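Have a look at the structure below before the remarks.
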Amino acid sequence: MPEDRPSLVVILGDQLSPGMTSLSSADKHRDVVLMCEVEEETSYVGHHKQKIAFILSAMRHFAGELEEAGWTVDYIRLDDKANSGSFTGEVERAIKRHEPDRIVITDAGEYRVQEMVDGWSQTFEIDVDCLPDKRFICSKSEFEDWAEGRKSLRMEYFYREMRKKTGLLMTQADKPAGGEWNYDKENRKPAGDDLFLPKRQRFEPDRITAEVIEMVGEKFANNFGTLEEFGWAVTRQDAEKAFEHFLGAAAGDFGTYQDAMLEGQPFLWHSLISPYLNVGLLDPLDVCRQVAEAYEDGKIPLNSAEGFIRQILGWREYVRGIYWREMPDYRERNAMRAQRDLPWFYWSGETDMACLKAAIGQTRDHAYAHHIQRLMITGTFALIYGVEPRQVHEWYLAVYIDAFEWVELPNTLGMSQFGDGGILGSKPYAASGAYIDRMSNYCDNCAYDVKKRTEDDACPFNSLYWDFVARHEKTLKGNPRMGRIYSNWERMDEETQKALRKRAKEVIEGMG
Ligand code: FAD
Ligand code: DLZ
Ligand code: SF4
C-alpha cells in the first residue's frame, strides 16, 4: 500500500533547524530522516579541523534533538563500515533500507550539492520534492526580481528593500530609524589596547563533541588548524546562549569598533555567530529582531544595531542572491587575470609581516578571523600580490568555521579579489600599509616599517599596492572611484615609480 511507505527526509549538515521546510512537509510518525557524515563533504577542500568537528558534532546533536521530538533518524557516521562516502551513495543505501515512496529535501546551500540532489530523481527513479529554504529572508526569485534590469546591483539598495520588507529599524511613517539608512561613518574607530574588551563565552566540549574531536584529530591530522581551543556551541541552546551573551556584553560597541584590529585580540566586539547562522542553530531574522528590540529598549545605540542588522539582513542575504544568480561560472572568474600561487605562509603562518602572522595565526587556532581581517589583511595582500582567485577562494573555504560556498565565494572572489570585475564592489579593496596602521596596532611590532616604501625593510603592502595600481592601469584607470589614486601615481616622479616596482618585484620573488 503506497500510503504506508515512508518518505525519506534528507537533512544536510547545514540544515540543522527544526523548522526546515523538508521536516514541516513530513510526518514524524511515518517518515524517516536521513543524516549522513560523508567523506566527500569532509574532503572537497582541506577543511580546518575545527570546522569538521563543529559540523559533525552539531549534526549529531541535532539528530538527538529530532529523536527527542519523536522523529526516526537514520544517522550514518563517518566511520560506519558500510558508509559509501557520498550523499548520493548514502541515499541509494537508504532507499534500499526504507523503500520510501519519495525523497523530501530542502534546497541545498551549495551549487555543487544541489547538482547532486537534482540527479536523484532520475538515478533512483523516485519522486524528489525539493523545497525552498525559508530560513533566508529573501527568496531566490525575490532577489532575481530585484536584480532584473538593474545596471548595478549595489548592496545598499537591496538592503533598503529588506528593511522595508521586514520593518526592522523603520519608523511608523516607513522611514529609517534615526533618519539615515546607514551609520557606517560612525563605525570606523580604531580600538586602543587600554579599552575594556568583552570576555568571550566558550563552551566546554561534552561527550559527543569530545568523541568527534578525537576522531577528527586522528582522521584529519594533516588538515590545517588546531583543535585545542575548540569552544564553539554545537547545540541550539548553547548557540542562543552565545548570542545572548553577545547582546549583553558586546553588541553596544559592535558598530563603533567594527573595523578595528588589535594584536592578540581575535574577537573584539564581534558576535561570532556566523557558524550558528550558517548551519541553522540560529535564525537570521530572529537575531535581527532581537537586536532591533535592544535598540528600541535603549540598551544599544543605533549605529551598532543598524551596523549589525545590515550585515545579516543586507550582506548575508545579498551575497546569497548573487551566488545563485551568477553560478556556476562565477567560481571560474578572474577579471584581474591574477595568476600567482597563494604564498605558502597562508598555511604555515610563517611570515615576518605582523598583520598577516596575526590573522593567519588566529585562523589556525580558532578557525575565525573577523571581517576586516579577512578583507583588508589576508584578502588585500592576495589581491595586490596577484594570487589566482580560485586559490584564494579555496583557502577561505577551507580555513573558516563558517565557510560555505554560497557565502564565502561572493565575499572572496567578488568583494575581496574583484574577480567578478565589479558586481559586488565598485572598486577593488587594494590598500597600502597605511590602512592597517590606522585601524590596528600590528605595525608597532612588525619587522617591516609601514612608513617606508622602497627600502629593504619597507612594508611589503606599500610597494605591492602601487605595483597593483600600475599593473592594472588599463582596466582600472577609467573607474571613477580610482581617479584620485591614478592622479597620485602619475604625480610621482619616474624614479620613485621605478623604485616602487623594483621593490614589489623583490617582495614577490622573495615569496615565490
Ligand atoms: P559579525 O561581525 O559579528 O557580523 C554579524 C553577522 O553578519 C555574521 O555572523 C554574518 O552572518 C553576517 N555578515 C557579516 N558580514 C558579512 C558578509 N560580508 N557576508 C555575509 N554575511 C556577513 N561569512 C561567512 O559566514 N562565511 C564565510 O565563508 C565568509 N567568508 C568571507 C570571506 C571574505 C574574504 C570576507 C571578506 C568575508 C567573509 N565572510 C564570510 C563575511 C564575514 O567576514 C563573516 O561573516 C564574519 O567575519 C563572521 O564573524 P562574526 O559572526 O563575528 O560576524
Ligand atoms: C562542510 C560539511 C562537512 C565537513 N561534512 C558534512 C557531512 O559529513 N555531512 C553533511 O551532511 N554535510 C557536511 N558538510 C556540509 C556540506 O558540505 C554542504 O555544505 C551542505 O550540504 C550545503 O550544501
Ligand atoms: Fe602589516 Fe606592513 Fe604593518 Fe607590518 S608594517 S604589520 S606588514 S601593514
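Derivation of every value follows stated rules applied to the coordinates shown; laboratory data play no part. None of the values given here were measured: they were computed from a predicted structure. A quick note on method: Cβ atoms are made from the backbone with ideal geometry, for glycine too, and the neighbour counts reach across all protein chains shown.
Things to note:
- Rounded to 10°, Cα long-axis angle of helix 207-219 versus longest principal axis of the chain: 60
- In the chain, helical runs assigned H by DSSP with n ≥ 4 each contribute -39500 (n - 2.57); averaged across all residues and rounded to the nearest 500, the mean residue ellipticity at 222 nm is -13000 deg cm²/dmol.
- Extension gain (nm, one decimal) between Glu293 and Lys219, 0.36 nm per residue minus Cα-Cα: 22.2 nm
- Structural descriptor for the chain: relative contact order 15 percent, calculated from alpha carbon pairs under 8 angstrom and at least 6 residues apart.
- Positive-end extreme of charge dipole, the range 7-131 - chosen from Leu131, Ser43, Thr88 (charges on Cβ): Ser43
- Here is the P(r) of the chain: all C-alpha pair distances, binned every 10 Å from 0, give 4, 18, 28, 27, 16, 6, 2, 0, 0 in whole percents.
- Summarising the label geometry, the points placed 7 Å from Cα in the beta-carbon direction at Lys427 and Glu228 lie 4.3 nm from one another.
- Put a dot 7 Å past the Cα of Ala173, heading toward its Cβ, do the same for Arg484, and the two dots end up 3.4 nm apart.
- When only alpha carbons are used to place a centre, the range 1-38 and the range 338-352 end up 43 Å from one another.
- Likely footprinting exposure, Thr42, Thr475, fewest C-beta neighbours within 10 Å first: Thr475, Thr42
- Cα principal axis extents for the range 7-131, largest first, Å: 37, 33, 28
- By DSSP, the beta bridges lying fully in the chain are antiparallel in about 10 percent of cases.
- Just so you know, the Cα atoms of the range 345-511 work out to an Rg and Dmax of 15.6, 46 Å.
- For Ser432, Ser487, Ser304, the sequence from fewest to most other C-beta atoms within 10 Å is Ser487, Ser432, Ser304.
- Simple label model, 7 Å out from Cα along Cβ direction - Asp493 to Arg438, nm: 2.8
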